[in-house]
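Comments concern the structure below.
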Amino acid sequence: MLKNRKRKLYFALLALIVITGIFISTGRNEKSSKKNTRVITPTAGSIQSFISTTGVVEPQNRLEIKPPINGRIDEIKVSEGDKVKTGDVLASMSSTERAALLDAARAQGKQSLEYWQEVYKPTPLIAPIDGEIIVRAVEPGQTVTSSDAVVVLSDRLIVKANVDEVDIGGVKVGQKAIIGLDAYPEIEVNGTVDHISYESTLINNVTIYEVEILPDEIPKVFRSGMSANVDIVEKSKDNALIVPRQAVQQDEKGSFVYIKQDKSKEPLKRRVELGASSGERVEVVSGIGKDAKILITTQKYLSLPDDSSGGSPFMPDFKDDDKDKKKKEK
């Protein structure tokens, strides 16, 4: 019996301590915060909403220039980054037979070498399209086969972005986009959605569609394989009625704001229809006018007094010995 009484007393004391702690904590929280209400009016301006994703800089058409025959490269006339036109000679090469013949002639002397070079012409490698050299794979004197790429040509660099199937419905060909590079965060390039793939791919159990973004201009720092950040402009509107996002609240029926009434202390709950949103701003399509007085209520937190330790109220208060000594000396 004595043990049971002690156990009951112990649990009762423990419950009292917990309840007391909750009340003290609640009291502190109430004292440390208060509601801050302000009135704002909508502003007129431009607003854009974006579909943000990532992508990679890649050639739109990547063309490998391979020799028609086996042999040896005599001369490479281009370097990486060079612009070429259709019909330009990119390189010249000797077939296996011509290379062997020239080597034998070279041993016989300069006159014999010049004769066979004139009689037996090298094979040129011609650019089939306008573009830029992005890879120079071989050097003069190197032996190649018909399966080896001598140079790689790109008609232009684009950004291939991956868009989730949840967002692909908001992407249309012709939409504007903003391209940024991880390697050069200070550079932003405007672009346009040029193509949306008809077939999806599965990446980490997420259905993805590839979207091609054409840059309006290609800076010199663009390199194939660079990681890119893409913001596709889903909606854009000028002279929109804009309010802070925190002014709009949600319930089961949709979006609403609180309007201040001049003759009543009670605010009026007004339903609104929203449009484009960007960051902390959102467009109001209908429900209020430009002169509406919208109430925004935020929670303002106050710091605790300096003498508050913030510790448990049930722990002993250990005072600073140095402070006590200074008080006694005074």
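The values are calculated or read from the model by the stated rules, or taken from the named source; none is laboratory data. No experiment lies behind these values; they were computed from the predicted model shown. Here the Cβ is made from the backbone with ideal geometry for all residues, glycine too, and neighbour counts use every protein chain on show. Note: areas computed on protein heavy atoms with side chains; ligands, DNA, RNA excluded. Shrake-Rupley method; radii C 1.70, N 1.55, O 1.52, S 1.80 Å.
Enumerate the strands (runs of 3 or more DSSP E) found wholly within the range 111-168, keeping only those where 3 or more residues are touching a residue at least 60 places away in the same chain (Cβ under 8 Å) and not aliphatic (A, V, I, L, M).
In the range 111-168, the matching strands (runs of 3 or more DSSP E) lie at 157-164.
Okay, residues lined up against (1) open to solvent by 40 Å² or more (accessible area, probe 1.4 Å); (2) in a loop (DSSP other than H, G, I, E, B); (3) under 23 Å from Gly55 (Cβ atoms):
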position: Thr207; (1), (2), (3): no, no, yes
position: Lys235; (1), (2), (3): yes, no, yes
position: Leu241; (1), (2), (3): no, no, no
position: Lys265; (1), (2), (3): yes, yes, no
position: Leu274; (1), (2), (3): yes, no, no
position: Val282; (1), (2), (3): no, no, no
position: Ala292; (1), (2), (3): no, yes, no
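Every residue in the range 191-200 that is in a loop (DSSP other than H, G, I, E, B) and either open to solvent by less than 70 Å² (accessible area, probe 1.4 Å) or over 21 Å from Arg62 (Cβ atoms) (or both), please.
Residues satisfying the conditions are Ser197, Ser200.
Residue under question is Ser286, and the condition is that it be small (Gly, Ala, Ser) and at pLDDT below 70; does it hold?
No: the conditions fail for Ser286.
If a residue must be open to solvent by less than 60 Å² (accessible area, probe 1.4 Å) and of a type in the set (Gly, Ala, Ser), how many such residues does the range 177-186 contain?
Qualifying residue count for the region: 2.
Could you check the range 126-176 and list, in sequence order, the residues that are surrounded by 18 or more Cβ atoms within 10 Å (Cβ to Cβ) and among the small types (Gly, Ala, Ser)?
Within the range 126-176, Ala127, Gly131, Ser154, Ala161 meet the criteria.
Among the residues of the range 236-258 satisfying the criterion of being of a type in the set (Lys, Arg) and modelled with pLDDT of 85 or more, which is nearest to the chain's Cα centre (by Cα)?
Applying the filter and picking the extreme gives Arg245.
Which condition number does Glu118 fail, the rest of (1) open to solvent by 80 Å² or more (accessible area, probe 1.4 Å); (2) touching a strand residue (DSSP E or B) at 6+ places or on another chain (Cβ under 6 Å); (3) acidic (Asp, Glu) being met?
(2)
Could you look through the range 296-314, keep only residues that are part of a strand (DSSP E or B) and modelled with pLDDT under 85, and pick out the one that is most open to solvent (accessible area, probe 1.4 Å)?
Here the residue is Tyr301.
Of all the residues that make up the range 209-233, how many are in a loop (DSSP other than H, G, I, E, B) and aliphatic (A, V, I, L, M)?
Looking only at that region, the number is 3.
Suppose we keep only residues that are touching a Leu at 6+ places or on another chain (Cβ under 9 Å) and surrounded by 16 or more Cβ atoms within 10 Å (Cβ to Cβ) within the range 209-223. Which one would you say is nearest to Val285 (Cα to Cα)?
For the range 209-223, the residue satisfying everything is Pro215.
Given (1) closer than 23 Å to Lys83 by Cα; (2) over 15 Å from the mean Cα position of the chain (by Cα); (3) of a type in the set (Val, Ile, Thr), identify the lone condition not met by Val159.
Among (1) closer than 23 Å to Lys83 by Cα; (2) over 15 Å from the mean Cα position of the chain (by Cα); (3) of a type in the set (Val, Ile, Thr), Val159 violates only (2).
So which residues in the range 169-190 are under 15 Å from Tyr209 (Cβ atoms) and in a loop (DSSP other than H, G, I, E, B), if there are any at all?
Hits for the range 169-190 are Val171, Lys172, Val173, Gln175.
Does the range 243-263 hold any residues that are open to solvent by less than 60 Å² (accessible area, probe 1.4 Å) and in a strand (DSSP E or B), and which are they?
Correct list: Val243, Pro244, Asp251, Gly254, Ser255, Phe256, Val257, Ile259.
Considering only the range 137-188, state which residues are in contact with an Asp or Glu (Cβ under 6 Å, 6 or more places away or on another chain) and within 20 Å of Arg72 (Cα to Cα).
Scanning the range 137-188 gives Pro140, Ala149, Val152.
Restricting the range 59-105 to residues that are in a strand (DSSP E or B) and open to solvent by 50 Å² or more (accessible area, probe 1.4 Å), which is nearest to Leu125 (Cα to Cα)?
Only one residue fits best here, namely Val89.
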